[in-house]
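> This is the structure, below, for whatever I ask next.
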Amino acid sequence: MQDDTLETTCCVVGGGPAGIMFGYLIARAGVPVTVLEKHGDFFRDFRGDTVHPSTLEVMYELGLLEDLLKIPHQKVQEGGGRFGDFDFQAADFRHLPVHAKFIALMPQWDFLDFLSERAKQFPTFRLLMQHEVVDLTREGERVTGVVARRPGGEAVRIGAQLVVGCDGRHSAVRKAAQLQLVEFGVPIDVLWFRISRRPGDPPDVLGNANYGKFLILINRGDYFQAGMIIRKDSFEELKSRGLEHFRSSLRQVAPYLGDRVEEIQDWEPIKLLTVRLDRLRRWYRPGLLCIGDAAHAMSPAGGVGINLAIQDAVAAANILSSPLRIGSVPAQTLALVQRRREFPVRLTQAAQARIHLGLVRVFRNPGPLEAPWQLKAAMRIPGIHFALGYAIGIGVRPEHVAGVRRRSTVWRQFAFAVGVAFVSAVAVTALRRSFRCARTLL
Ligand SMILES: Cc1cc2nc3c(=O)[nH]c(=O)nc-3n(C[C@H](O)[C@H](O)[C@H](O)COP(=O)(O)OP(=O)(O)OC[C@H]3O[C@@H](n4cnc5c(N)ncnc54)[C@H](O)[C@@H]3O)c2cc1C
């Protein structure tokens, strides 16, 4: 069978949040782009459904926010926890300096369907589903394209100025490019499942810690998306103890679930997320760049994975649109993307590693938990809820779509002007006083 051959300027591997957003932005800038996705649709249950204010602000800047929010979703304005019998509010998103001051919980496939449909309106955007990339093509050191397989096993070669690996935590692209991965030990895994929600249940995201267990309950309307944090690689051991033991663990850590734990009649709907924390030492090679989970797998702590992937896509598009239009992307330009995004990734992963340590302490204490005084004191610090809301909802070094006039810019200019006026007023008053003083002395 003869291979098919296609040509494009930019070939994006993977139609997840990073790939579709990057494809959208590059096509919007007039660059021919082909996105390859190995699956036939975007349907994946429990896949990063937490669309944070930083991502919603990007959608606002693209003029897509209003239509995006027509998709059914839940709004999370605050996030809190229950540590033993101590209830606390942790993050408050209601005062963030963005247009959507909440986390939108919406199925990732809805988000991707929406964005890819919008991207198709650009004549330079092409999305090829059921195309699995299996290798890279090279000329010397330079990556010149990819080899993909279609459902019947037929191969297609796609030549490109630049290949962008957005193919997630098990990236085939980074493996083929032999990019070196640094892995960090993670002591936890997560079990995701559903449990019904009743009126009167906590309205927002709630982490419950007690009796050596940690359970996250995310309000999804008529059900909770529940995440039981377990010790790494302990799922098989948990299964061997039986479903009744699992149900009673849930009841113990969140007693208000009551008889609803009986809804779990089978292990089948319980999905294991093997948590990983890693990042590439170098995100690029001549002709190739990796972003999103392909460059750095995130822990689910804080629900930031999809949002960091989007931030990478925005930064990469801002830096690469012009060079791609000219048709030349030197490796130094690709290095700028890593330089821009590595710091936020490192900081976020360090914070996630701290959270993992806290969870290990919870596992070590099988009895009723007492909230530490440090937690109680910290929750009383004025502004702490806003600061946590900012750290989770917006994060480190938020990215903005290039060329869009932003409210925050106007704010910054206003704050700058007020600052300058204030400093000038103080300086003028000081000068006047010193002149007056000098006159009296003379
Ligand atoms: C079970 C689970 C639950 C999660 N929960 C959360 C959460 O609540 N909040 C959160 O923010 N994050 C969560 N995450 C993480 C989040 O989903 C990712 O961080 C985010 O989706 C990363 O986006 P991405 O585009 O980089 O990669 P991905 O979303 O992984 O997308 C990669 C895409 O590439 C495709 N692909 C892979 N290999 C190939 C290939 N060879 N050829 C072509 N296409 C390919 C895949 O099919 C996929 O569509 C979760 C992840 C998992 C696995």
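The values are calculated or read from the model by the stated rules, or taken from the named source; none is laboratory data. This structure is a prediction, so every number in the text was calculated from the model and none was measured. Glycine also receives a Cβ, built like all others from the backbone with ideal geometry; neighbour counts cover every protein chain displayed. Ligands, DNA and RNA are stripped out before the accessible areas are found, and what is left, the full protein with its side chains, is counted by its heavy atoms. Shrake-Rupley method; radii C 1.70, N 1.55, O 1.52, S 1.80 Å.
> Dividing the alpha-carbon radius of gyration of segment 125-272 by 2.2 N^0.38 Å (N being the number of residues), what value is obtained?
Details: Rg = 22.0 Å, N = 148, 2.2 N^0.38 = 14.7 Å.
Rg over 2.2 N^0.38 Å, computed on Cα atoms: 1.50.
> So if each residue of separation counts as 0.36 nm, and I subtract the Cα-Cα distance between PHE43 and GLU244, what length gain in nm does that give?
Values: separation 201, 0.36 × 201 = 72.36 nm, distance 3.07 nm.
Once the chain is fully extended between PHE43 and GLU244, it gains 69.3 nm.
> Report the FRET efficiency, 1/(1 + (r/R0)^6), for LEU272 and ASP201, where r is their Cβ-Cβ distance and R0 is 25 Å, rounded to 0.05. Numbers along the way, then the final one.
On the way: r = 25 Å, r/R0 = 1.01.
That gives a FRET efficiency of 0.50.
> Follow-up. Could you check how many percent of all C-alpha pairs in segment 1-107 are farther apart than 23 Å? Could the numbers behind the result be given before it?
Values: 2631 of 5671 pairs.
When all Cα pairs of segment 1-107 are counted, 46 percent exceed 23 Å.
> Give the long-range amide H neighbours of THR137: residues separated by 5 or more places, or on another chain, with amide H under 5 Å away, using H modelled in the peptide plane at 1.01 Å from N.
THR144, GLY145, VAL146, VAL147
> Here's another thing I want to ask about it. Kindly give the semi-axes, whole Å and largest first, of the ellipsoid equivalent to segment 240-328, taking each as the square root of 5 times a Cα gyration tensor eigenvalue. Numbers along the way, then the final one.
Working: eigenvalues 394, 37, 22 Å².
After diagonalising the Cα gyration tensor, the semi-axes are 44, 14, 11 Å.
> Name the residues whose placed amide hydrogens come within less than 5 Å of the amide hydrogen of PHE122, ignoring near sequence neighbours (fewer than 5 apart) on the same chain.
Answer set, sorted by chain and number: none.
> Taking the Cα-to-Cβ direction at TYR211 and at SER234 and moving 7 Å from each Cα, how far apart do the two end points lie in nm?
Going by the 7 Å Cα→Cβ label model, 1.4 nm.
> Calculate one ³J(HN,Hα) per residue across segment 70-81 by plugging θ = phi - 60° into the Karplus curve 6.51 cos²θ - 1.76 cosθ + 1.60, and present them in order as whole Hz with x for glycine and proline.
7, 6, x, 7, 10, 9, 10, 9, 9, x, x, x
> OK, next. What percent antiparallel are the DSSP beta bridges of the chain, to the nearest 5?
Here the antiparallel bridges make up roughly 70 percent for the chain.
> What are the ³J(HN,Hα) couplings of segment 207-220, residue after residue, when phi is run through the Karplus curve with 6.51, -1.76, 1.60 and θ = phi - 60°? Round to Hz, x for glycine and proline.
Result, rounded to whole Hz: x, 10, 10, 5, 6, x, 10, 9, 10, 9, 10, 10, 5, 10.
> At 0.36 nm per residue, and after removing the present C-alpha to C-alpha distance, how many nm does the segment from SER328 to ILE381 gain when stretched out fully?
Values: separation 53, 0.36 × 53 = 19.08 nm, distance 5.12 nm.
That pair, SER328 and ILE381, stretches by 14.0 nm at full extension.
> Taking the simple approach of a point 7 Å from Cα along Cα-to-Cβ for both ARG149 and ASP135, what is their distance in nm?
So the label points at ARG149 and ASP135 sit 1.2 nm apart.
> Can you compute the modelled spin-label distance between TRP109 and ASN365, with each label point 7 Å from Cα toward Cβ, in nm?
Here the answer is 4.1 nm between the modelled labels.
> Restricting attention to the alpha-carbon atoms of segment 275-401, what are Rg (one decimal) and Dmax (integer), both in Å?
Computed over the Cα atoms of segment 275-401, radius of gyration and Dmax are 18.4, 64 Å.
> Also: In whole Å, what are the Cα extents of the chain along the three principal axes, biggest one first?
The Cα atoms of the chain stretch 96, 69, 40 Å along the principal axes, largest first.
> Please list, ordered by chain and number, the residues whose modelled amide H lies under 5 Å from the amide H of GLY168; skip anything fewer than 5 residues away on the same chain.
Close amide H contacts, sequence-distant or interchain: ASP293, ALA294.
> Which entries in LYS70/LYS175; LYS38/LYS101; LYS75/LYS120; LYS70/LYS120; LYS75/LYS376 show an alpha-carbon gap greater than 31 Å?
LYS70/LYS175; LYS38/LYS101
> Right, next: Can you run phi through the Karplus equation (6.51, -1.76, 1.60; θ = phi - 60°) for segment 51-59 and list ³J(HN,Hα) in whole Hz, with x for Gly and Pro?
Going residue by residue, I get 8, 7, x, 4, 6, 5, 5, 4, 5 Hz, with x marking Gly and Pro.
> Grab the DSSP H runs of the chain that are 4 residues or longer, score each as -39,500 (n - 2.57), total them, divide by all residues and round the 222 nm result to the nearest 500 deg cm²/dmol.
Working: 12 runs with 165 residues, N = 442.
Computed ellipticity for the chain at 222 nm equals -12000 deg cm²/dmol.
> To the nearest 10 square angstrom, how much accessible area does HIS170 have with a 1.4 angstrom probe?
130
> For segment 287-343 and segment 57-108, what is the separation of their C-alpha centers, rounded to whole Å?
First find each Cα centre; the distance between them is then 24 Å.
> Excluding LEU128 itself, what net charge comes from residues whose Cβ is under 9 Å from its Cβ, given Lys and Arg +1 and Asp and Glu -1?
Result for the local shell: +1.
> Hey, with R₀ at 60 Å, roughly what FRET efficiency would GLN77 and ASP4 work out to, going by the Cβ-Cβ distance, to 0.05?
Working: r = 50 Å, r/R0 = 0.83.
The computed FRET efficiency comes out at 0.75.
> Please tell me the relative contact order of the chain in percent, rounded to the nearest whole number, where contacts are Cα pairs under 8 Å and at least six residues apart. Numbers along the way, then the final one.
Working: 840 pairs, mean separation 94.9, N = 442.
RCO, the chain: 21 percent.
> Specify the residue with the greatest mean-square fluctuation among ALA27, ALA148, ALA371, computed from a Gaussian network of the chain linking alpha-carbon atoms under 10 Å apart.
Taking springs between Cα atoms under 10 Å, the residue moving most is ALA371.
> Might you tell me the accessible area per residue for the chain, computed with a 1.4 Å probe and given in Å²?
Values: 21090 Å² over 442 residues.
Accessible area per residue: 48 Å².
> Sticking with this structure for a sec: Just to confirm the filter: which trypsin sites (Lys or Arg not before Pro) across segment 1-89 are DSSP coil and have at most 10 other Cβ within 10 angstrom of their Cβ?
LYS70
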